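Let me begin by presenting the structure, written as structure tokens, before commenting on it.
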Ligand SMILES: [Zn+2]
């Protein structure tokens, strides 16, 4: 398993480099995350479980101008890459304020409102804005990612799960084509 996981990580690194997205590592983990210190994008090998958050997240992307119907997995991956691309534009003080801000948001009871407040946090918003702009202007690279994920995940899964994931990667289409 671990050798196969390494091949997925390597496939993502190769994808990033051949498309001019430099300086980050990819590591299989439990959830989507960007580790600033090690410049590493963590990604889950299983679908994330929180369906309501996934729906909110996708909705957020379209409300803020994403023109393509892209799976939540790919949106999430680009969000983390967006952190890698934008984090250097924030000062240490701004990062501290953002953290405090996120601490306060945790107390908002309504999960929908809490999700939106979180993604409107300066650092989160910068990552999403980068991701939306990149997806809208580089569909060839997004499709290359979908193909890369499809072939490397096919090696990881042997049951019906892969079909669900592969289907999600096949869904990329212009929003206006499916509206
Ligand atoms: Zn984030």
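Determine whether residue 96 is touching a strand residue (DSSP E or B) at 6+ places or on another chain (Cβ under 6 Å), more than 15 Å from the ligand (Cβ to nearest atom) and on the phi < 0 side of the Ramachandran plot. Before the answer, list the steps.
Details: touching a strand residue (DSSP E or B) at 6+ places or on another chain (Cβ under 6 Å): no; more than 15 Å from the ligand (Cβ to nearest atom): yes; on the phi < 0 side of the Ramachandran plot: yes.
For residue 96, the condition - touching a strand residue (DSSP E or B) at 6+ places or on another chain (Cβ under 6 Å), more than 15 Å from the ligand (Cβ to nearest atom) and on the phi < 0 side of the Ramachandran plot - is not met.
Which of the residues spanning the range 23-34 are at pLDDT 95 or above, surrounded by fewer than 17 Cβ atoms within 10 Å (Cβ to Cβ) and on the phi < 0 side of the Ramachandran plot?
Within the range 23-34, 25 is the sole residue that qualifies.
What's the number of the condition residue 42 fails, among (1) surrounded by 12 or more Cβ atoms within 10 Å (Cβ to Cβ); (2) away from the ligand (no atom under 12 Å from the Cβ); (3) closer than 17 Å to residue 152 by Cα?
All conditions are met except number (2).
Give just the number: which of (1) closer than 22 Å to residue 149 by Cβ; (2) within 16 Å of the chain's Cα centre (by Cα); (3) more than 13 Å from the ligand (Cβ to nearest atom) does residue 59 not satisfy?
(1) is the only condition that residue 59 fails.
Specify which of the listed residues (102, 143) is within 16 Å of the chain's Cα centre (by Cα) and surrounded by fewer than 16 Cβ atoms within 10 Å (Cβ to Cβ).
The match here is 143.
Please work out which one of (1) in a helix (DSSP H, G or I); (2) in contact with a helix residue (DSSP H, G or I) (Cβ under 9 Å, 6 or more places away or on another chain); (3) surrounded by fewer than 16 Cβ atoms within 10 Å (Cβ to Cβ) is the condition residue 20 fails and give its number.
(1)
Report, by residue number, each residue of the range 38-53 that is under 20 Å from residue 128 (Cα atoms) and either modelled with pLDDT of 95 or more or more than 17 Å from the chain's Cα centre (by Cα) (or both).
Within the range 38-53, 39, 40, 41 qualify.
Report every pair of residues separated by at least 6 positions or lying on different chains whose Cβ atoms are under 9 Å apart, first residue within the range 93-121 and over 20 Å from residue 55 (Cα atoms), second assigned to a loop (DSSP other than H, G, I, E, B).
From the range 93-121, the pairs are 95/36; 98/90; 98/121; 101/121; 102/121.
Please tell me if residue 79 is assigned to a helix (DSSP H, G or I) and more than 22 Å from residue 150 (Cα to Cα). Working first, answer last.
Numbers: assigned to a helix (DSSP H, G or I): yes; more than 22 Å from residue 150 (Cα to Cα): no.
Considered against the rule, which asks whether it is assigned to a helix (DSSP H, G or I) and more than 22 Å from residue 150 (Cα to Cα), residue 79 comes out as no.
Take the range 61-74 and flag every residue that is buried (at least 20 other Cβ atoms within 10 Å of the Cβ) and either closer than 18 Å to residue 126 by Cβ or without any contact (Cβ under 8 Å) to a residue 60 or more places away in the chain (or both).
Scanning the range 61-74 gives 61, 66.
Among the residues of the range 105-130, what is the count of those that are more than 10 Å from the ligand (Cβ to nearest atom) and within 17 Å of residue 36 (Cβ to Cβ)?
Of the residues in that region, 2 qualify.
Quick check, is residue 135 within 16 Å of the ligand (Cβ to nearest atom) and either at pLDDT 95 or above or buried (at least 17 other Cβ atoms within 10 Å of the Cβ) (or both)?
yes
Which residues, counting only those in the range 23-60, are in contact (Cβ under 8 Å) with a residue 24 or more places away in the chain, farther than 19 Å from residue 111 by Cβ and not in a loop (DSSP other than H, G, I, E, B)?
Within the range 23-60, 33, 34, 41, 42, 43 meet the criteria.
Looking at (1) part of a helix (DSSP H, G or I); (2) within 13 Å of the ligand (Cβ to nearest atom); (3) crowded, with 17+ Cβ neighbours inside 10 Å, which one does residue 87 not meet, given that it meets all the others?
Just one mismatch for residue 87, condition (3).
The values are calculated or read from the model by the stated rules, or taken from the named source; none is laboratory data. Predicted model, so just to flag it, every value in this text is computed and none were measured. All Cβ positions, glycine included, derive from the backbone under ideal geometry; neighbour counts span all protein chains shown.
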